[in-house]
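Reading through the structure tokens given below for one structure.
Taken together, the values in this text are just the output of simple stated rules run on the coordinates, not laboratory data. Note that the structure is a prediction, hence the values are computed from the model and not measured. Glycine also receives a Cβ, built like all others from the backbone with ideal geometry; neighbour counts cover every protein chain displayed.
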Amino acid sequence: MLSLAGCAGLPFGRDEAALGASQPFEMQGRVYARSSDRAFSGSIRWRHTGADDELWLGGPLGQTAAHILRDASGATLTTANQQTYRAMNLESSMRDTLGWALPLADLSHYVLGNAPSGASDENVKRNADQQLTSVLHNGWEVELTPGNQQGQGARPVRLRLRKEAVEVRIVIDQLEADIS
């Protein structure tokens, strides 16, 4: 069950450094998230362009648990009970309303098998095939399981993100890059 708390009156704006990867994609998969006192398990559907993001989190019975829109002007999170939260910082808004957060700008790089541009080389690990396997960036510890099927290239099939008391696991079931 999704438990919600937060302030609907957060100022609307943007303080994240970038919108993430410039390469557009659509992704579908599964997500499990837990914090010290909350947990979520369901589906994730994400459409990322160089200019914006639209993300749906589905509950275990297929209903939309949260809908997230993010662009250069800020982020909007709408919950299952139609409460809308606007925020300067998407991670803070997600943490306040869902109990956990995604580093969406950086996550767009990880989904494509890349490290964010701000990640230092000493905090980026690759396997013998030069596929990204782990990154420590902005307080998030990220582990990537590279795909090994033909055509997947360096793209991961699983992600595990940890920061403080939050752990998020994502299984990427479908990824279509270079969408228009």
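So the values come out like this:
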{"item": "Electrostatic dipole magnitude of the chain [Cβ: Lys, Arg +1; Asp, Glu -1; Cα centre; debye, to 20]", "result": "440"}
{"item": "Potential lengthening between Thr64 and Met88 on full extension [0.36 nm per residue; Cα-Cα distance subtracted]", "result": "6.3 nm"}
{"item": "For the stretch 44-133, average projected area of the Cα convex hull in nm²", "result": "7.3"}
{"item": "Equivalent ellipsoid semi-axes - Cα gyration tensor, the stretch 99-139, angstrom", "result": "19, 11, 9"}
{"item": "Burial ordering of Met27, Met88, Met94, fewest other beta-carbon atoms within 10 Å first", "result": "Met88, Met27, Met94"}
{"item": "Taking Leu175, Leu107, Leu144 and counting other C-beta atoms within 10 Å, the order from fewest to most", "result": "Leu175, Leu107, Leu144"}
{"item": "Euclidean distance between Cα centres, the stretch 42-74 to the stretch 120-151, Å", "result": "24"}
{"item": "Positive-pole candidate from Gly74, Gln131, Gly59, dipole of the chain, charges at beta carbon", "result": "Gly59"}
{"item": "Cut-off 15 Å (backbone N to label point 7 Å along Cα→Cβ of Glu164), residues of the stretch 132-147", "result": "138-141"}
{"item": "Mean Cβ count within 10 Å, highest first, over the residues of peptides 112-121, 66-75", "result": "66-75, 112-121"}
{"item": "Difference of contour (0.36 nm per residue) and Cα-Cα distance, Ser117 to Leu136", "result": "5.6 nm"}
{"item": "Among Ser41, Gly20, Leu102 the positive-end extreme of the charge dipole of the chain (Cβ point charges)", "result": "Ser41"}
{"item": "Within the stretch 56-148: Cβ-based charge dipole about Cα centre, in debye rounded to nearest 20 (Lys, Arg +1; Asp, Glu -1)", "result": "280"}
{"item": "Convex hull of the chain built on C-alpha atoms - directionally averaged projected area, nm²", "result": "10.1"}
